[in-house]
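Asks: Have a look at this one before I ask anything.
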Amino acid sequence: MNPLLPFALIASGFAMSSVASAAPVVGQPAPAFTALDANGKPVSLTDFKGKTVVLEWTNPGCPFVRGHYDSGNMQATQAKAKAEGAVWLTINSGAPGKQGHMTGTQARAQLATDKSAPAHYLLDPRGTVGTLYAAKTTPHIYVITPEGRLAYNGAINDRPTAEKDDALAGTNYALAALTAVKAGKAPSPAVTKPYGCSVKYPG
């Protein structure tokens, strides 16, 4: 697999252009982490050793995220990943007082509203996990192999708009990466430019 290339210019709202960034490298071990889920339960990446894991950065107030959820694309992608035996972790790194930040109660309500079913919805208000992965945008997708190596880093698909029709069209990079990992192959592409709203970190 190729090393992770520089990507993603953080803008105040939309992010897409390339920029150098300290980030995990495709083909190398995925950074370990522990975070509380929406029920207050600690969840660690190591809990899912031997399984493919998908990390999805989210912000319920971001129009790009809304495009994927309101169209049903994100839920369908989560369901297909689950059917393939993968574990889907949705991560909210929105800081208190900033767009998208949620308490556990609010997160559970959002899951019910969106009819979304990740294995866990993780709260990362200090941005610890987001910074560890250099998550740039919402959405931002990572796929980790059963051996614990990062296989894919980037956009959910190749249609960088907030339109619902575009969310359902084009190439779904997340599913393509899962298919490749299941076949024991390296995803192609393994790295793409994430697009969406900038992650609302503290500061």
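Bear in mind these aren't lab numbers, they're just calculated from the coordinates by the rules spelled out. Everything quoted here is computed from the prediction, not taken from an experiment. We place every Cβ from the backbone using ideal geometry, glycine too, and count neighbours over all the protein chains shown.
Asks: In the Gaussian network model of the chain, springs joining C-alpha atoms below 10 Å, which of 151, 107, 32 carries the largest mean-square fluctuation?
Replies: For the chain, modelled as a Gaussian network with Cα springs under 10 Å, the answer is 32.
Asks: Still on this structure, I have one more. I need the phi-derived Karplus couplings for region 193-202: 6.51 cos²θ - 1.76 cosθ + 1.60, θ = phi - 60°, integer Hz, Gly and Pro marked x.
Replies: My calculation for region 193-202 gives 7, x, 9, x, 8, 5, 5, 8, 6, x Hz in order.
Asks: Can I ask one more? What does the charge add up to near residue 98, with Lys and Arg as +1, Asp and Glu as -1, over the other residues with Cβ less than 13 Å from its Cβ?
Replies: Here the count lands on +1.
Asks: Can you order the peptides 172-180, 88-96, 125-133 by their average number of other Cβ atoms within 10 Å per residue, highest first?
Replies: Descending packing order for the listed peptides: 88-96, 172-180, 125-133.
Asks: Where does the chain land at 222 nm, in deg cm²/dmol rounded to the nearest 500, when only DSSP H runs of n ≥ 4 count, each adding -39500 (n - 2.57), divided by all residues?
Replies: -6500 deg cm²/dmol
Asks: From the Cα gyration tensor of region 113-203, with a ≥ b ≥ c the square roots of its eigenvalues, which class applies: rounded if a/c is under 1.5, or else prolate if a/b is larger than b/c, or else oblate?
Replies: In terms of gyration-tensor shape, oblate.
Asks: For the chain, just the Cα set please: Rg and Dmax, both in angstrom.
Replies: So, for the chain, Rg and Dmax equal 15.0, 43 Å respectively.
Asks: Another question, then. Once fully extended, how much extra length lies between residue 79 and residue 179, figured as 0.36 nm per residue of separation less the alpha-carbon to alpha-carbon distance?
Replies: Going from the current span to full extension adds 34.6 nm.
Asks: Over the chain, what is the relative contact order in percent, taking alpha-carbon pairs closer than 8 angstrom and at least six residues apart?
Replies: In percent, rounded to a whole number, it is 31.
Asks: Nearest 0.05, what FRET efficiency do residue 165 and residue 22 give at R0 = 41 Å with Cβ-Cβ as r?
Replies: The value I calculate is 0.70.
Asks: Report, in order of residue number, the helices in the chain meeting two criteria: a C-alpha extent of 27 Å or more along the helix axis, and a mean Kyte-Doolittle hydropathy of at least 0.0; treat each whole DSSP H run as one helix.
Replies: none
Asks: Right, here's the next one. Once each part is reduced to its C-alpha centroid, what is the distance from region 151-198 to region 49-92 in angstrom?
Replies: What the calculation gives is 11 Å, centre to centre.
Asks: Can you pull out the trypsin sites (Lys or Arg not before Pro) in region 131-203 that DSSP calls coil and that have at most 12 other Cβ atoms within 10 Å?
Replies: Here the trypsin sites (Lys or Arg not before Pro) that fit, given the DSSP loop and packing criteria, are 185.
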